[in-house]
1. In nm, what is the difference between 0.36 nm times the number of residues separating Val85 and Lys186 and their Cα-Cα distance?
2. Most exposed first by the Cβ proxy, i.e. fewest other Cβ within 10 Å, how do Ser166, Ser51 rank?
3. Quick check: pseudo-label points 7 Å beyond the Cα along Cα→Cβ at Lys36 and Lys125, how many nm apart are they?
4. Just to verify a number: FRET efficiency for Glu118 and Gln75, C-beta to C-beta distance, R0 = 25 Å, to 0.05?
5. Taking the beta-carbon count within 10 Å as an exposure proxy, list Phe172, Phe167 from fewest neighbours to most.
6. Which residues does a label at Thr47 reach in the range 160-183, if reach means a backbone N under 20 Å from a point 7 Å past the Cα toward the Cβ?
7. Which residues in the range 182-196 have a backbone N closer than 16 Å to a point placed 7 Å from the Cα of Ala158 along the Cα-to-Cβ line?
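Values quoted throughout were computed directly from the atomic coordinates according to the rules given, and no laboratory measurement underlies them. Just so it is clear, the structure is predicted and the values come from calculations on it, not from any experiment. Here the Cβ positions follow ideal geometry from the backbone for every residue, glycine too, while neighbour counts run over all protein chains shown.
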Amino acid sequence: MSAPIDPGAMIAPIEFPPAVLVPRPPNKEVRVQTLKDLLKQEKEEETRHPSRQSQAINIEKVIAMYENNEIHLGQEVWLINGRVVKQKDKDQEEEGPRWREITFSPAIPHPHPPITKEVRVKGLKNLLKEIQEDPPKYAPPMLPFLKITAINVEKMIALYENNEISFGQEVFLVNGCVVKEEDFQKPGPGPRWHEV
C-alpha cells in the first residue's frame with residue numbers, strides 16, 4: 001500500500017492538458033445546422049431526463065437570431081432562459097439555463113470550442129495518454145494522484161464509447177465502478193470521479 005499524498009507537499013505548479021481543438025464552422029449555415037443538431041439532442045435528453053436543465057430554449061433563440069440576421073459569426077451573445085441579456089447582467093440571479101454564443105470564423109482562433117460527446121471523449125483520451133506518459137509531464141507530487149485516477153478516466157471513455165451514458169449525464173465513479181451519488185459521498189478508499 002502506498003503512502004497517502006500530502007496536499008501540503010504539492011508546491012510545484014499543476015499543469016493541465018491542452019484544450020482539444022475542433023474544427024470551427026466556416027459560415028453561418030454550418031453553425032445553424034450544428035445548433036439544430038444540438039437542439040435535437042437536447043430535446044431527446046429532455047424526454048429521457050426531465051429533471052435535467054435543458055438548453056433547448058436558448059438554442060432555439062440563437063438559431064432564430066442567426067436566421068433573422070440579428071447576430072453574425074464572431075458576435076458574442078449571452079442568454080438566460082431564452083432571453084438575451086447584456087454581458088454585465090449574465091451573472092444575475094435568475095433561474096434558467098445560461099448560454100454564451102460566440103462562434104468565430106476560421107481565421108480567428110476560438111477560445112472555447114463547443115463541447116460534444118466526441119470532443120469530451122477525445123479530451124479524456126488525451127488526458128489518459130498524458131497520465132500514462134513516460135517520463136511524466138506532470139509535477140511529481142501530482143503523479144500518484146493522476147495514476148490512480150486513470151482507472152476512472154478509462155471507465156468514462158468506455159461508458160461514452162459503448163453508449164452506456166449520454167453526454168451531459170451525471171455519473172459517479174469510485175475506483176472505476178459506477179456508483180450511486182449517496183455511495184460516492186461516503187468516505188472510503190479509491191479514486192473518485194464526478195462527470196457532469
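1. 32.3 nm
2. The order, fewest Cβ neighbours first, is Ser51, Ser166.
3. 2.9
4. Rounded to the nearest 0.05, the efficiency is 0.45.
5. Phe167, Phe172
6. Backbone N within reach: 163-170.
7. Only 191-193 fall inside the zone, counting backbone N under 16 Å.
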